[in-house]
Structure formats: C-alpha cells, structure tokens
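Colleague: Can you read through this structure? Questions will come right after.
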Amino acid sequence: MAICEMIGVGKTIFYEWIHKYKKYGAEGLKSSSKNTFYSNEVKMLAINDYISGKGSLEDIALKYNLSSRR
C-alpha cells in the first residue's frame, strides 16, 4: 500500500489507526504514555468472544477498548 510506504508504517498499524478513528474519532489516535489496566472480567470476556468466534482479534480489541490486539 503506497500510503503506508510513504508514511513509514506497516499495513497492520495503518488499519488499526483506521478502525480506532472510525470508533473513537481523533481522540482514538492519541497515544498514551501510561499502561492500561484491564480487569480479569474484561480479559475473560474478550478471550471468550474470540474463542467463540464472535469476531477477529481486531474486532474484539475495539469492542473492549483494548489498546493492542496482542
């Protein structure tokens, strides 16, 4: 993708930015210097959704407002 090469980022990161912008607007693109804490409940809900096939890693990360798909 030419835009990715032009700005020096990979396609995966670029698509993450697009999804965050669609869901949260410009605020979703601001970086945070703090570590985010996720409750065990949120972690289990996200894991169960993924195992149950309720979405891709990206979809679930956006659904639960997780900062990373990892």
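Colleague: Looking only at helices (runs of 4 or more DSSP H) that fall completely inside the chain, which ones have 1 or more residues that are free of Cβ contacts under 8 Å to residues at least 12 places away in the same chain and over 15 Å from the mean Cα position of the chain (by Cα)?
Modeller: Passing ranges, in order: 2-7, 40-51.
Colleague: Picking from Glu58, Glu41, which residue would you name as being surrounded by 13 or more Cβ atoms within 10 Å (Cβ to Cβ) and outside the structural domain of Ala2 (by TED's automatic domain parsing)?
Modeller: Glu58
Colleague: What number of residues within segment 34-70 are hydroxyl-bearing (Ser, Thr, Tyr) and under 19 Å from Trp17 (Cβ atoms)?
Modeller: Looking only at that region, the number is 5.
The values are calculated or read from the model by the stated rules, or taken from the named source; none is laboratory data. These numbers were taken from a predicted model, which means no experiment stands behind them. All Cβ positions, even for glycine, are placed from backbone atoms using ideal geometry, and neighbour counts span all protein chains on display.
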